[in-house]
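Report on the following structure.
The values are calculated or read from the model by the stated rules, or taken from the named source; none is laboratory data. In this text the structure is predicted, and so the values were computed from the model without any measurement. Using ideal geometry, Cβ is built from the backbone for each residue, glycine included, and neighbour counts are taken over all protein chains shown. SASA here: full protein model, heavy atoms, side chains in, ligands and nucleic acids out. Shrake-Rupley method; radii C 1.70, N 1.55, O 1.52, S 1.80 Å.
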Amino acid sequence: MKTIHSDTHRLHHGQAELIDGMLKPCFEMPARVDMILEAVQSAGLGPVLSPEAFGPAPPARVHTAPYLAFLEGAWARWTALGRSHDALPLVWPARDLRQDVEPSHIDGQLGFFSTDASVPVTAGTWTAATAAVDVALTAARLLQTGERTAFALCRPPGHHAAAGAMGGYCYLNNAAIAARWLRDQGAARVAVLDVDYHHGNGTQNIFWTDPSVLFVSLHADPREEYPYFAGHADERGAGEGYGFNLNIPLPRGTDWSRYGIALREACTTISRFAPDALVVSLGVDTFEGDPISAFALRGDDYRRIGEAIGDLRFRTVFVMEGGYAVREIGINVVNVLQAFDSVG
């Protein structure tokens, strides 16, 4: 299995996020990729390749033009006010406020184009995020050239980024952009399977009305966990896309005995959809030792996940999302990928 990786991810390194009402060091850090890459190479998974450059067109197929313009220029506008620290949102257009008028001030724009305070914008955020998109698209292109699978070692992650908003450490939705690109290259149907601990609300938002992209997510119950306001089982899509969105929320403490049943349901749904390609939003923050999650999966369970996905027999791109138990993150990722490969 080929891994796509860009060291450009290091340009994005937020110094703090709002956690438990306090500014604390970001859990989403460059060391995550270092540990995964080390595990990939130690396991002899396959060659590690640099990404190709795809330009601005693929992100524009998924994200709105105003949002992309904001994100590209946010740091320059922030520092023009004499600020040199990370840019963080401080006010949001909630229920009783106007949501249809973009503010002209950067402080207002940060809230207008975000869903939470875990998205620090730094000098390198735009460059790192666009490089992550190229990583995902290069992996997707390998499917077009005959590969059965590829691993996109993306950072920053993407599945919380909606069409017009950043959130949850995510700025551009790598998995959604790859799925849309595969559709544009001729795939009649694409499925996205999200196994991150947190619901992929951004991906759901992007494909909400699209019957050609099936979105299936296993995640923590949003009544108890981020993102809180998306991920419920009754969210099925809308319009022509109704029925092409499947959420399987699970309670805190979920171990393999319960997770395995949910994964079988997800895989059965994907198999019936019969996609031409599968994009997996691979989060391993379901691990029992993850510092910001509350599932109880163990190392061998990730092999079971890889085998279940491999048994589907679809061309598959794995796109890295979350996972914050840094010491174990690489082992768990490799367990998924090796088990998938073993099914081939």
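Listed by first and then second residue, the pairs with beta-carbon distance under 9 Å, at least 6 apart or on different chains, first residue in the range 182-199 and under 24 Å from residue 54 (Cα atoms) and among the polar types (S, T, N, Q), second modelled with pLDDT of 95 or more and open to solvent by 10 Å² or more (accessible area, probe 1.4 Å), are 185/141. Scanning the range 82-91 for residues that are open to solvent by less than 50 Å² (accessible area, probe 1.4 Å) and either in contact with a Lys or Arg (Cβ under 7 Å, 6 or more places away or on another chain) or at pLDDT 95 or above (or both) gives 86, 87.
Of all the numbered requirements in (1) outside any loop (DSSP other than H, G, I, E, B); (2) under 21 Å from residue 318 (Cβ atoms), residue 154 misses one, and that requirement is (1). Taken as a whole, the structure leaves residue 58 outside the set of residues that are modelled with pLDDT under 95 and either under 22 Å from the mean Cα position of the chain (by Cα) or of a type in the set (Asp, Glu) (or both).
When residue 223 is tested against (1) open to solvent by 10 Å² or more (accessible area, probe 1.4 Å); (2) not in a loop (DSSP other than H, G, I, E, B), only condition (2) is not met.
Would you confirm whether or not the range 167-179 contains a residue that is aromatic (Phe, Trp, Tyr) and open to solvent by 20 Å² or more (accessible area, probe 1.4 Å)? Yes, the conditions are met somewhere in the range 167-179.
For first residues located in the range 60-81 and open to solvent by 30 Å² or more (accessible area, probe 1.4 Å), partners that are small (Gly, Ala, Ser) and outside any helix (DSSP H, G or I) and lie 6+ apart or on another chain with Cβ distances below 6 Å form the pairs 64/163; 64/164; 75/123.
Of all residues in the range 134-144, those that are at pLDDT 95 or above, over 23 Å from residue 7 (Cβ atoms) and open to solvent by 10 Å² or more (accessible area, probe 1.4 Å) total 0. Search the range 189-216 for residues being assigned to a loop (DSSP other than H, G, I, E, B) and charged (D, E, K, R), and hand back the single one that is least open to solvent (accessible area, probe 1.4 Å). Among those that are assigned to a loop (DSSP other than H, G, I, E, B) and charged (D, E, K, R), it is 196. For residue 28, state whether it is modelled with pLDDT of 95 or more, in a helix (DSSP H, G or I) and either exposed (fewer than 13 other Cβ atoms within 10 Å of the Cβ) or acidic (Asp, Glu) (or both). Taking the combined requirement at face value, the residue does not satisfy it. Considering (1) under 26 Å from residue 12 (Cα atoms); (2) part of a helix (DSSP H, G or I); (3) touching a strand residue (DSSP E or B) at 6+ places or on another chain (Cβ under 8 Å), the lone condition that residue 177 does not fulfil carries the number (3). Of all residues in the range 258-304, those satisfying the criterion of being under 19 Å from the mean Cα position of the chain (by Cα) and charged (D, E, K, R) are 285, 290. Taking (1) assigned to a helix (DSSP H, G or I); (2) surrounded by fewer than 20 Cβ atoms within 10 Å (Cβ to Cβ); (3) touching a residue at least 60 places away in the same chain (Cβ under 8 Å); (4) of a type outside the set (Asp, Glu) in turn, residue 45 satisfies each apart from (1). Filtering the range 95-133 down to residues that are in a loop (DSSP other than H, G, I, E, B) and among the hydrophobic types (A, V, I, L, M, F, W, C), which residue is most open to solvent (accessible area, probe 1.4 Å)? This residue is 97. Restricting attention to the range 33-67, which residues are closer than 30 Å to residue 103 by Cβ and among the hydroxyl-bearing types (Ser, Thr, Tyr)? 64, 67, listed by residue number.
Being among the small types (Gly, Ala, Ser) and either touching a helix residue (DSSP H, G or I) at 6+ places or on another chain (Cβ under 8 Å) or closer than 20 Å to residue 236 by Cα (or both) holds for only one residue in 146, 164, and it is 164.
Any residue in the range 18-41 that is out of contact with any Gly (no Cβ under 9 Å at 6 or more places or on another chain), acidic (Asp, Glu) and free of Cβ contacts under 8 Å to residues at least 40 places away in the same chain? Yes. Do we find that residue 23 is modelled with pLDDT under 95, open to solvent by 40 Å² or more (accessible area, probe 1.4 Å) and either in a helix (DSSP H, G or I) or out of contact with any strand residue (DSSP E or B) (no Cβ under 8 Å at 6 or more places or on another chain) (or both) in this structure? No; evaluated as a whole, the condition is false for this residue.
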